[in-house]
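Worksheet for the structure shown next.
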Amino acid sequence: MGITIKNVSFSYPNKSVLKNISFCIDDGDFIGLVGSTGCGKTTLAYCLNGLIPNSIRGKFSGQVMVDDLDTAKNTVSDIAKKVGLVFQDPDWQIFSVSVRDEIEFGIRNFGLNKVEKRVKNSLKIVGLDGYENREPQKLSQGQKQKLSIASVLAMDTKVIVLDEPTSQLDYKNAKMIHDILEKLNNEGKTIFLIEHDTDFLAEYCDSILLMNDGKIVKNDSTNKVFAETNLLKKLGIKVPVIR
Amino acid sequence: MNTKIKILLLVVFSTCILFIRNPFIISLVLLCVSFSIFLLKVHSKLFEWIKPIIIVSIFIILLQTFTYSPIKFTIEGLTFGITISLRLITLLILVFAFVSTTSTKQLLEGFDFLPKELSMMLMIALRLLPLVKDETTRIVNAQKARGLNFKTLNIFKSYFPVLVPLFGKMLEGSNRLAIAMESRGFEKK
């Protein structure tokens, strides 16, 4: 079980973004994805929860299986019950007038029970307990990102895909977010982290996917991928200090 | 006070004001509303709100005074101009009183009788307003930093470099918001 991506290619009307990508994500993995800007990382993330090919227009080929569900044959809503997605900019994901409403949004869409317990638990995990009645707009950027993670956690998906969740945060808040992800992974969640900071990837991930120009150029354990310093330099990716 | 009652009162008062023709009665309502705003201690931004309307009102009074009967000063025109201006100011102060005493959350709760899709649209629109404001400030500052002088250009030329990236950003942002909502189970109908 887990996620299997087989020969996936995707192109927008004028641009080919993903080129014959294949890899597997097993349950409980903590996988990092790194690559230069515009290489197709976000597009790949959209493939994992069915937004591609169901909602985003373009030419899709190949197969993405989430457990036994083919993303092309199921709705985004069905896939989203298994794969949660956290985006880069929390300002464009959070829209409710209270923290509680924001977290309840996904829970209610999926018709899940124990709403109150889920809200409290997810806020506790990200360290925002007691924030239920606060206005999301008045939270700091780090707290907003934690809230967007909490809102995905409340849906209790097996896999969490995060698209550069710390790109707008300072080191302290970024570290805090990564610690939360590590804790979740230890509790059994599968984490797929798109991140440009290779130091964080080296510290937290079990394996790394290295992406360039729509292709996976390396898929191996963190140590092995980051040992390829020449390849990293060639692709314009920072060689991590911690290896 | 319950927001639904507030909305109802706002609609009833506003409608009444549109039908009252006697400027003395409108003045009396205006005085009462202004007094209650001072009692509620929410008057700090009132002048900021009514400043542009006062300028518009002066223009209306002058226009009505001299055009009620073609190019001639008339008392009727003056009275009519004052009545319209008083109506405008009273309506504005009523809306100000409503907005200053109602939080966004209360406002949305007040509209919960609307269909789910409509209240969701209203909530998102209200939520995005501060983002649009912040984004506009950011773009204006960025263009100023690149030497754009808003005072020396005409209104179209000066706002073009602001509006184009702003619309681009808003379209991109709303697309991202839709994707985020969909990935949390919100289905398109």
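The values are calculated or read from the model by the stated rules, or taken from the named source; none is laboratory data. What you see is a predicted model, and the numbers here were worked out from it, not measured in a lab. Note that we place each Cβ from the backbone using ideal geometry, even for glycine, and neighbour counts take in every protein chain shown.
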Pairing a residue in the stretch B:75-100 that is closer than 30 Å to B:L126 by Cβ with any residue that is among the charged types (D, E, K, R) and in a helix (DSSP H, G or I), where Cβ atoms lie under 7 Å and the two sit 6 or more apart in sequence or on different chains, gives B:F98/B:K6
Residue hits (the stretch B:136-167; in a loop (DSSP other than H, G, I, E, B) and at negative phi) are B:R146, B:L148, B:N149, B:F150, B:K151, B:T152, B:L153, B:N154
Restricting the stretch A:135-151 to residues that are modelled with pLDDT under 90, in a helix (DSSP H, G or I) and closer than 16 Å to B:L128 by Cβ, the one farthest from the other protein chains (Cβ to nearest Cβ) turns out to be A:K138
Subset of the stretch A:185-224, residues among the hydrophobic types (A, V, I, L, M, F, W, C) and over 26 Å from A:D170 (Cα atoms), comes to A:I216, A:V217
Here the residues within the stretch A:160-191 that are modelled with pLDDT of 90 or more, surrounded by fewer than 24 Cβ atoms within 10 Å (Cβ to Cβ) and within 14 Å of chain B (Cβ to nearest Cβ) are A:I160, A:D163, A:E164
Is it fair to say B:D112 is within 14 Å of chain A (Cβ to nearest Cβ) and part of a loop (DSSP other than H, G, I, E, B)? yes
Matching residues in the stretch A:105-124 (crowded, with 20+ Cβ neighbours inside 10 Å and either under 17 Å from the mean Cα position of the chain (by Cα) or more than 10 Å from chain B (Cβ to nearest Cβ) (or both)) number 5
Please verify whether A:V86 is hydrophobic (A, V, I, L, M, F, W, C) and either within 13 Å of chain B (Cβ to nearest Cβ) or in contact with a strand residue (DSSP E or B) (Cβ under 8 Å, 6 or more places away or on another chain) (or both), treating the condition exactly as stated. yes
Scanning the stretch B:17-57 residue by residue, those assigned to a helix (DSSP H, G or I), touching a residue at least 12 places away in the same chain (Cβ under 8 Å) and of a type in the set (A, V, I, L, M) turn out to be B:I17, B:L18, B:I26, B:V29, B:L30, B:V33, B:I37, B:L46, B:I50, B:I53, B:I54, B:V56
Output for Cβ contacts, cut-off 7 Å, separation at least six or different chains, first residue more than 13 Å from A:I180 (Cβ to Cβ) in the stretch A:125-144, second crowded, with 18+ Cβ neighbours inside 10 Å and of a type in the set (S, T, Y), reads A:P136/A:S96
The stretch A:164-243: strands (runs of 3 or more DSSP E) wholly inside it with 1 or more residues that are more than 15 Å from the chain's Cα centre (by Cα) are A:207-212, A:215-221
If we take the stretch A:1-119, then helices (runs of 4 or more DSSP H) inside it with 2 or more residues that are farther than 27 Å from A:D197 by Cα are A:51-54, A:76-80, A:99-109
Residue hits (the stretch A:57-82; touching a helix residue (DSSP H, G or I) at 6+ places or on another chain (Cβ under 6 Å) and facing another protein chain (nearest Cβ under 8 Å)) are A:V76
Within the stretch A:1-26, of all residues that are under 22 Å from A:T190 (Cα atoms) and among the small types (G, A, S), the one farthest from the chain's Cα centre (by Cα) is A:S22
Selection from the stretch B:149-169 of residues among the hydrophobic types (A, V, I, L, M, F, W, C) and surrounded by 16 or more Cβ atoms within 10 Å (Cβ to Cβ) yields B:V162, B:L166
Selection from the stretch A:230-243 of residues more than 28 Å from A:F60 (Cβ to Cβ), surrounded by 12 or more Cβ atoms within 10 Å (Cβ to Cβ) and out of contact with any helix residue (DSSP H, G or I) (no Cβ under 8 Å at 6 or more places or on another chain) yields A:L231
Residue pairs within 7 Å by beta carbon, gap of at least six or interchain, first lying in the stretch B:131-144 and surrounded by 11 or more Cβ atoms within 10 Å (Cβ to Cβ), second charged (D, E, K, R) and part of a helix (DSSP H, G or I), listed first then second, are B:L131/A:D91; B:E135/B:K169
